[in-house]
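What follows is a single structure, written as structure tokens, with notes after it.
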Amino acid sequence: MSANYKRFSKFLLGGLSVGCVGGYFAYKNQNKPIGLNPEVYSPFTVSKITKITPDASIFTLTPQGSTENMKNWDPITKVTIRNPDMQVQRPYTPLYINEDNLKFYIRNYEDGPVSSHIHSKKEGDTIELRGPFKTTKLDFTKFSRIVGIVAGTGFAPIYQLAQNSKVPVDIVYCERPGQEPALKEQLEKECPNVRVRTIQDRLIDVDDIMKWDNVNVPLSETLCIICGNPKFVATVAGPKAEYGAKQGPVKGLLENSSFGKVWKL
Ligand SMILES: Cc1cc2nc3c(=O)[nH]c(=O)nc-3n(C[C@H](O)[C@H](O)[C@H](O)COP(=O)(O)OP(=O)(O)OC[C@H]3O[C@@H](n4cnc5c(N)ncnc54)[C@H](O)[C@@H]3O)c2cc1C
């Protein structure tokens, strides 16, 4: 056998091995479901369900496909979850965004097509997600303090923001009578810059929002965010404009406040 022939055989074998390995990985990836992306729904496994209140749980969802899109999300980021049987989708805000899972706090509405679909799932089942999407274009880094006025699961967006914020965050957390203001202690424990004031069994008033001890930041440098159902948002800051998801004028309890910015999520 000539030296040239031996060299050629080695080259051929090497080439074939590289080709086989490449082919194997291409085949493997071809069969892997698509990871989280804004265009199409991708499957996530319900890896853990933690009951927090009788009708709300934390769902830990793990992508079955690539984890490429699971990092560097700016707060406040949301995804949409769909009920594929009814072709209905709703937005949800992860409390925690990890490289290999997302954790959501989700309340069950028995007559709600998407929340009841999520709550019908068991650990090991699949849920479909699309995203990530920015909830707002607002630049949070421009403010030296944040006041959040939230109701029910409206706590989720401010929870995500507070975790990613270095400035003081004061939250007024309203819950319906009989509903526990869940996750308050957890957030305060994890974030020393966060204070949560809870309100139950009565209506929120202006003092709940404005009166906090040890505030060193002027109101002109403070951002006030409101998040809850439309009735709650309207009571606190006036209704959002009907079309184009515009903010509408600031009315309600905050009509005469001097916050640097009032933002209805
Ligand atoms: C940006 C954004 C982020 C969100 N993030 C979360 C989240 O992290 N966790 C979460 O649980 N929800 C969140 N929601 C609410 C969620 O998108 C759905 O609206 C909710 O799960 C109900 O959907 P559904 O299809 O089951 O019921 P729907 O068909 O929307 O409603 C069914 C019934 O429930 C009532 N209902 C629905 N929502 C509320 C509410 N908030 N308060 C009182 N009654 C209500 C309706 O009036 C109706 O009677 C978010 C909403 C937005 C806009």
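The values are calculated or read from the model by the stated rules, or taken from the named source; none is laboratory data. None of these values were measured; they are calculated from a predicted model. Ideal geometry is used to build each Cβ from the backbone, glycine not excepted, and the neighbour counts take in all protein chains shown. Just so you know, the surface numbers come from the protein's heavy atoms only, side chains and all, with ligands and any DNA or RNA stripped out. Shrake-Rupley method; radii C 1.70, N 1.55, O 1.52, S 1.80 Å.
Looking at (1) of a type in the set (A, V, I, L, M, F, W, C); (2) open to solvent by 20 Å² or more (accessible area, probe 1.4 Å); (3) within 15 Å of the ligand (Cβ to nearest atom); (4) assigned to a loop (DSSP other than H, G, I, E, B), which one does A182 not meet, given that it meets all the others?
So the condition that A182 fails would be (2).
Within the stretch 66-104, can you find the residues that are of a type in the set (A, V, I, L, M) and more than 10 Å from the ligand (Cβ to nearest atom)? Full working, then the answer.
Of the stretch 66-104, the ones of a type in the set (A, V, I, L, M) are 70, 76, 79, 81, 86, 88, 95, 97, 102.
The answer is M70, I97, L102.
Hey, can you tell me all the residues within the stretch 98-131 that are over 12 Å from P63 (Cα atoms) and hydrophobic (A, V, I, L, M, F, W, C)?
F104, I106, V114, I118
Restricted to the stretch 150-179, and to residues that are away from the ligand (no atom under 12 Å from the Cβ) and open to solvent by 50 Å² or more (accessible area, probe 1.4 Å), which residue is nearest to L223 (Cα to Cα)?
Only one residue fits best here, namely P168.
Considering each of I149, I171 in turn, give the residue that is free of Cβ contacts under 8 Å to residues at least 60 places away in the same chain, assigned to a strand (DSSP E or B) and within 26 Å of W263 (Cβ to Cβ).
Details: I149 fails: free of Cβ contacts under 8 Å to residues at least 60 places away in the same chain.
Every option except I171 fails the conditions.
Only one of these is within 25 Å of the chain's Cα centre (by Cα), closer than 20 Å to R176 by Cα and in the same structural domain as D170 (by TED's automatic domain parsing): G228, G252, G248. Name it. Write out each step before concluding.
Working: G252 fails: within 25 Å of the chain's Cα centre (by Cα); G248 fails: closer than 20 Å to R176 by Cα.
Of the residues listed, the single one that is within 25 Å of the chain's Cα centre (by Cα), closer than 20 Å to R176 by Cα and in the same structural domain as D170 (by TED's automatic domain parsing) is G228.
Please state which of the following conditions R107 fails to meet, knowing it meets all the rest: (1) without any contact (Cβ under 8 Å) to a residue 24 or more places away in the chain; (2) within 25 Å of I146 (Cβ to Cβ); (3) within 9 Å of the ligand (Cβ to nearest atom).
All conditions are met except number (1).
Taking the stretch 247-265 on its own, how many of its residues are free of Cβ contacts under 8 Å to residues at least 24 places away in the same chain and either in contact with a Pro (Cβ under 9 Å, 6 or more places away or on another chain) or away from the ligand (no atom under 15 Å from the Cβ) (or both)?
Initially, the stretch 247-265 is screened for residues free of Cβ contacts under 8 Å to residues at least 24 places away in the same chain, giving 247-252, 255-256.
Of the ones still in play, those that are also either in contact with a Pro (Cβ under 9 Å, 6 or more places away or on another chain) or away from the ligand (no atom under 15 Å from the Cβ) (or both) are 248-252, 255-256.
Here the count works out to 7.
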